[in-house]
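**Student:** The following block contains the structure, expressed as structure tokens.
Every number in this text was worked out from the coordinates using simple rules, so none of it is lab data. Because the structure is predicted, anything quoted here is derived from the model rather than measured. As a convention, Cβ positions derive from the backbone with ideal geometry for all residues, glycine included, and neighbour counts pool all protein chains shown.
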Amino acid sequence: MSFLPISSGKLIEYLDNGRFICGYVTESQAKRVRLLNQNGRELNLPISRIVHCSTSNHSAGLDREALIKLLKDTTAKRHSLMELIDLEILWDLTNEEANDTFDPHFLAELSFGCSADDDIVSAFLRSVFKDKLFFRYREGKIKVHSPDKVNQLRTQLEKENEKEVLIASGIELVTRIIKQKDSQAPFSPLEEEILILIQNFYLYGGESDNADIARKLLKESGLSRPHDPYKLLVKSGVWKKNINIPLLRHNL
């Protein structure tokens, strides 16, 4: 990636566990910068981790608390600007261009319809990292996804959302079964689907369909012992206590 020379007084942004963090550069070296971040931490950061650097310098005369306030206020302003950005509209304007790679500053100006300052460019970059459907950040540039790529990502996101709904509903169902004394039947179609997932996971382990979903919902429900699924299925009334597991495994 390429930025203007990063010197003391610049505001930079980097990613930490997927979150944008704003920092004030106190010292700059060839490959690293010393900074104070919005959380009050001082650290040495490789320049390669920097996603955005301000074009303007900020006063070095501010004390530590004033700098932290500046960073927090800047973060809040940039976060609020994200609400004004519609990436899908911007994608409609750019996805048929011969060139599929653009400078973030240009796209930020195109999105806002005005000259883009540091806050606007940062808000645009934050939006791209938050919603990866239409654009991708790479080495300081923004790549526009093709229509086929967008459709592929949409399908993937829908599947991931369905998976999260299934896990959340599964945890709720398992918790209810554990707490209740009597059988919970009849179950809704979604609940029956979840119980079949758990049943197949107990019978066939990692070879069962959607084993990752069953494993996660059981773990997050506190059921991590090998025979916990069996006990749950018995308590739910789906299985009898003396059910023949080997016969079930062989579909007999």
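**Student:** Can you tell me the convex hull volume per residue for the stretch 150-249, based on C-alpha atoms, in Å³ to the nearest whole number?
**Tutor:** Looking at the stretch 150-249, the number lands at 104 Å³ per residue.
**Student:** Could you name the lysines whose alpha carbon sits less than 22 Å from that of residue 231, not counting residues in the same chain fewer than 8 places away?
**Tutor:** 179, 181, 216, 219, 240, 241
**Student:** On to the next question. Give the calculated FRET efficiency between residue 146 and residue 204 to the nearest 0.05, with a Förster radius of 41 Å applied to their Cβ-Cβ distance.
**Tutor:** So, using R0 = 41 Å, E works out to roughly 0.60.
**Student:** Taking H as built 1.01 Å from N, whose amide H comes closer than 5 Å to the amide H of residue 133, not counting residues under 5 places away?
**Tutor:** Sorted by chain and number, the residues that satisfy this come to none at all.
**Student:** Separation between the residue 181 and residue 160 pseudo-spin-labels, each 7 Å from Cα along Cα→Cβ, expressed in nm?
**Tutor:** 4.5 nm
**Student:** Separate question: Could you please state, rounded to a whole Å, how far the C-alpha centre of the stretch 23-48 is from the C-alpha centre of the stretch 107-175?
**Tutor:** Cα centroid of the stretch 23-48 versus Cα centroid of the stretch 107-175: 27 Å apart.
**Student:** For the Cα atoms of the chain, what angle does the longest principal axis make with the long axis of helix 64-81, in degrees from 0 to 90, nearest 10?
**Tutor:** 70 degrees
**Student:** May I pose another question? Any chance you could give the angle, 0 to 90 degrees and rounded to 10, that helix 118-130 forms with the longest Cα principal axis of the chain?
**Tutor:** Its long axis makes an angle of about 20 degrees.
**Student:** Taking volume of the Cα convex hull per residue in Å³ straight from the coordinates, which label in [x] 194; [y] 173; [z] 113 is the correct one?
**Tutor:** It is the one labelled [x].
**Student:** Turning to a different aspect of this structure: Can you tell me the alpha carbon radius of gyration of the stretch 185-241 divided by the globular rule-of-thumb value 2.2 N^0.38 Å?
**Tutor:** Against the compact-globule rule of thumb, the ratio is 1.03.
**Student:** For the stretch 92-157, what ratio Rg/Rh do Cα atoms give with a Kirkwood hydrodynamic radius?
**Tutor:** 0.97
**Student:** For the chain, which longest stretch is free of loop sites, where a loop site is one of the GluC sites (Glu not before Pro) that DSSP puts outside H, G, I, E and B and that has at most 14 other Cβ atoms within 10 Å?
**Tutor:** 140-252
**Student:** Continuing with the same structure: Using the Cα atoms as the points, what is the convex hull volume per residue of the stretch 82-125 in Å³?
**Tutor:** Spread over its residues, the Cα hull of the stretch 82-125 gives 66 Å³ apiece.
**Student:** Hey, what do the phi angles of the stretch 9-19 turn into as Karplus ³J(HN,Hα) couplings, whole Hz, using 6.51/-1.76/1.60 and θ = phi - 60°, x for Gly and Pro?
**Tutor:** x, 7, 9, 10, 10, 9, 9, 9, 6, x, 9
**Student:** Whole-Hz Karplus ³J(HN,Hα) for the stretch 94-110, in order, using 6.51 cos²θ - 1.76 cosθ + 1.60 and θ = phi - 60°, x for Gly and Pro?
**Tutor:** Each residue of the stretch 94-110 in turn: 10, 6, 9, 5, 5, 8, 9, 10, 9, 7, x, 4, 5, 5, 5, 5, 5 Hz.
**Student:** A further question on this structure: Return one number: the angle in degrees, 0 to 90 and rounded to the nearest 10, between the long axis of the Cα atoms of helix 147-179 and the longest principal axis of the Cα atoms of the chain.
**Tutor:** Relative to the chain, helix 147-179 is tipped by roughly 50 degrees.
**Student:** Arranged by the count of other C-beta atoms within 10 angstrom, fewest first, what order do 234, 25, 165 take?
**Tutor:** Sorted ascending by nearby Cβ count, the order is 165, 234, 25.
**Student:** Where in the stretch 167-233 are there trypsin sites (Lys or Arg not before Pro) that are in a DSSP coil and have at most 12 other Cβ atoms within 10 angstrom of their Cβ?
**Tutor:** 181
**Student:** In vacuo Debye scattering of the stretch 1-132, one point per C-alpha: log10 I(q)/I(0) at q = 0.13, 0.16, 0.18 Å⁻¹?
**Tutor:** -0.55, -0.81, -0.99
**Student:** Multiplying the sequence separation of residue 251 and residue 80 by 0.36 nm and subtracting their Cα-Cα distance, what value in nm do you get?
**Tutor:** That works out to 55.9 nm of additional length.
**Student:** Here's another thing I want to ask about it. Report ³J(HN,Hα) in whole Hz for each residue of the stretch 231-245, in order, from the Karplus equation J = 6.51 cos²θ - 1.76 cosθ + 1.60 where θ = phi - 60°; Gly and Pro get x.
**Tutor:** Along the stretch 231-245, the couplings run 4, 5, 5, 5, 5, 6, x, 5, 10, 7, 4, 9, 4, 8, 5 Hz.
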